[in-house]
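In what follows, a single structure is set out as structure tokens and then discussed.
The values are calculated or read from the model by the stated rules, or taken from the named source; none is laboratory data. Keep in mind it's a predicted model, so treat the numbers as computed, not measured. Backbone-built Cβ (ideal geometry, glycine too); neighbour counts: all protein chains shown.
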Ligand code: COS
């Protein structure tokens, strides 16, 4: 597959994820997309496989693997159904990630074990109607009142918002201090004052839910703060560094699925008396598709290996995400082109891949935000 030699565990993760995708995910992906149906049975089984908290140690009921295994599994699962990939990446990096890294022992025993085992679904609430890329502009507030914080505000585009039981929520505990006044909390979704609003009707990843969430005097125990007051923004950005590896791997999976569909179709479809794969115009497209996908995969694996080695990898995960997301858009466009008129219909899966690819350029930081992260580092590195 590449110059990186996989360990026995990583190879087992690859084979398990590939087989699971083939048998359990591919057969239901198109129907779930059409019906906007959350794949509950699939998600439960992902939990049993240890895929809902892959980087969490066994003592907290996680899969106890590493970031490279996670990237490998995310690619394979997303090849079958990108929406399942969305649910999985949100749980692994955005819900388990900050509680494992910043939570205290009690929080880990109470919440992380439920998430990492897949028994409960988690979500991450950072974005607001007026705070997406400018994540520091939080309007949601959390005011300390005795032994509780009282949260008020609105959160937008919350992945898994309809199914989640545990949320990591960002809110301002000191609105005068901008990013230094943001804090992170673990909030149980059934807390009075937390209401799930409308579910978005989306272009892609339609089997995953995306919700608006309202907080109206929602009282959260003060002990549910993650880290200390004012540490929330750093917790969010640190969490998103890992999240971006997951989204990059998801984009690689979507692109790989599109390439495989395009190649099979091109070998079958005949025009001018021969399979269209015999035409050089198509062969060049296939060559570029495969090359870009492999480059995106290697960037993703590089970021994962750096994370596993305890190195700083913000720039590399941003590079992986922007490149893989743009590759997924490009490759899925070409895959439709190779299918011609058939590719524009729901008779073939490439239109779904195309719709699913778009979100990878937007969530967990748009491509423009990734370029900001990358260029800031490059400008520091090169004098
Ligand atoms: N990990 C931890 N801390 C980080 C960090 C990282 N990757 N990147 C920056 N920080 C810290 C900085 O060191 C700085 O700390 P100090 O105040 O102690 O110096 C602080 O965070 C603020 O950093 P910065 O000044 O760079 O923040 P900006 O407001 O300029 O924002 C961007 C930086 C634009 C990169 C950030 O807001 C971002 O990533 N936005 C996109 C958010 C996003 O992905 N939204 C989607 C939501 S999830 S679907």
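All but one of (1) more than 26 Å from residue 175 (Cα to Cα); (2) within 16 Å of the ligand (Cβ to nearest atom); (3) surrounded by fewer than 19 Cβ atoms within 10 Å (Cβ to Cβ) hold for residue 119; state the number of the condition that does not hold.
(2)
Which count do you get for residues in segment 357-383 that are over 21 Å from residue 83 (Cβ atoms) and without any contact (Cβ under 8 Å) to a residue 60 or more places away in the chain?
11
State all residues of segment 293-318 that are surrounded by 24 or more Cβ atoms within 10 Å (Cβ to Cβ) and more than 14 Å from residue 255 (Cα to Cα); if no residue qualifies, say none.
Result: 301, 303, 304, 316, 317, 318.
Select, from 60, 149, the only residue that is away from the ligand (no atom under 16 Å from the Cβ), over 21 Å from residue 43 (Cα atoms) and in contact with a helix residue (DSSP H, G or I) (Cβ under 9 Å, 6 or more places away or on another chain).
149
Filter the helices (runs of 4 or more DSSP H) completely within segment 28-102 down to those with at least 2 residues that are without any contact (Cβ under 8 Å) to a residue 40 or more places away in the chain.
Result: 40-48.
Just to be sure, is residue 18 within 23 Å of residue 95 (Cβ to Cβ) and either assigned by TED's automatic domain parsing to the domain that holds residue 250 or out of contact with any strand residue (DSSP E or B) (no Cβ under 7 Å at 6 or more places or on another chain) (or both)?
no
For residue 219, work out the one condition from (1) touching a helix residue (DSSP H, G or I) at 6+ places or on another chain (Cβ under 6 Å); (2) not in a helix (DSSP H, G or I) it doesn't fulfil.
(1)
Only one of 254, 213, 186 is part of a helix (DSSP H, G or I) and touching a residue at least 24 places away in the same chain (Cβ under 8 Å). Can you tell me which?
The conditions single out 254.
Would it be correct to say that residue 318 is within 16 Å of residue 79 (Cβ to Cβ), within 16 Å of the ligand (Cβ to nearest atom), in contact with a helix residue (DSSP H, G or I) (Cβ under 9 Å, 6 or more places away or on another chain) and not in a loop (DSSP other than H, G, I, E, B)?
Answer is no for this residue.
Which of the residues spanning segment 240-281 are surrounded by fewer than 20 Cβ atoms within 10 Å (Cβ to Cβ) and within 27 Å of residue 81 (Cβ to Cβ)?
Answer for segment 240-281, where residues must be surrounded by fewer than 20 Cβ atoms within 10 Å (Cβ to Cβ) and within 27 Å of residue 81 (Cβ to Cβ): 260, 263, 264, 267, 268, 269, 277.
Looking only at segment 337-356, decide whether some residue is under 27 Å from residue 134 (Cα atoms), within 15 Å of the ligand (Cβ to nearest atom) and modelled with pLDDT of 95 or more.
Looking only at segment 337-356, we keep the residues that are under 27 Å from residue 134 (Cα atoms), and these are 355-356.
Going one step further and asking which of them are within 15 Å of the ligand (Cβ to nearest atom), we end up with none.
Within segment 337-356, not a single residue is under 27 Å from residue 134 (Cα atoms), within 15 Å of the ligand (Cβ to nearest atom) and modelled with pLDDT of 95 or more.
Find all pairs meeting these conditions: Cβ atoms under 7 angstrom apart; at least six residues apart or on different chains; first residue within segment 194-210 and closer than 19 Å to residue 152 by Cβ; second residue in a loop (DSSP other than H, G, I, E, B).
Once the first residue is closer than 19 Å to residue 152 by Cβ and sits in segment 194-210, its partners that are in a loop (DSSP other than H, G, I, E, B) give 196/161; 196/162.
So, in segment 319-347, exactly how many residues are more than 30 Å from residue 55 (Cβ to Cβ) and surrounded by 18 or more Cβ atoms within 10 Å (Cβ to Cβ)?
Going through segment 319-347 one residue at a time, the tally reaches 6.
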